[in-house]
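What follows is a set of notes on a single structure, which appears directly below.
The values are calculated or read from the model by the stated rules, or taken from the named source; none is laboratory data. Here the structure is a predicted model, which means the values were calculated and not measured. All Cβ positions, glycine included, derive from the backbone under ideal geometry; neighbour counts span all protein chains shown. Calculation scope for accessible area: heavy atoms of the full protein, side chains included, ligands and nucleic acids excluded. Shrake-Rupley method; radii C 1.70, N 1.55, O 1.52, S 1.80 Å.
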Amino acid sequence: MFPQESVYKSLVEEEDGVLESSLGYMSKFRPQVLQEHKQRRSPMKTMGPLKVDAPSPDKFLKKHSKEPKLPGNTLVEGQRIHILRKPPVPGRKDKPIMGIQSGTNFIKTNTVVVPRTMYRAIQARSYRKKKDYGEMPLYLVKRKLECERIQEEYEVELRRQEAEASKHLSKEEKESILEGLKKNWSTLHHEYQRLPFIICTMVRQKRKEELENQLDQLEKDISLLERFNTIYITD
């Protein structure tokens, strides 16, 4: 079947089905090594042990099973705890205690006690009979006087500071300032009149707005000085 020089002629098939070379070396400890290898590694080839008991269907995770449990009730069945125990209800055949009487005359006591308590209550609510009814409390009067004194001192100090810091402007100084303001107004007005009728650039537009603002401010200052005869200035 095979050629004369085929390598398959050197292989012999043994009874266990393993093909071994008749020419190669084989250790006598090979079966022992194979057995130890299977015992150490084969059971751990999967996740966890090889053979594990299947979980029972009855042992599933139940609700509140992992919550801490309170200690059990040590009372006997039917027993209750009563902090304030009331007297028991009398039975149907129990007879009430008769003949208990008190020596207090409640009618006479009420005729004396009740009018006194009512008078005291009415007297306590009658604020109009007090001596200081309708008058301002003393602490409010002191507070009002203190506020008036502080306000008066503040106004005096303010007037003193204004008198020290202010200066009366003489008539000659006033005329000189008016003349200078009017001269500045004429110069700016002459420059404003020289502007072109049609302004095409942003620079000329900005210059025109500046001249208008300066002219308005000069007109306000001139009107202020001409309106009042006496002018005060501060440092």
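When LYS38 is tested against (1) open to solvent by 100 Å² or more (accessible area, probe 1.4 Å); (2) at pLDDT 85 or above; (3) over 60 Å from the mean Cα position of the chain (by Cα), just one condition goes unmet, and that condition is (2).
Restricting the search to region 208-227, which residues are among the charged types (D, E, K, R), open to solvent by less than 80 Å² (accessible area, probe 1.4 Å) and in contact with a helix residue (DSSP H, G or I) (Cβ under 9 Å, 6 or more places away or on another chain)? The answer is LYS208, GLU212, ASP221. Just one of the listed residues (GLU155, GLU179) is assigned to a helix (DSSP H, G or I), without any contact (Cβ under 8 Å) to a residue 60 or more places away in the chain and either open to solvent by less than 100 Å² (accessible area, probe 1.4 Å) or polar (S, T, N, Q) (or both), namely GLU155. Which residues, counting only those in region 152-186, are more than 30 Å from LEU211 (Cβ to Cβ), at pLDDT 90 or above and of a type in the set (A, V, I, L, M, F, W, C)? The answer is VAL156, and nothing else.
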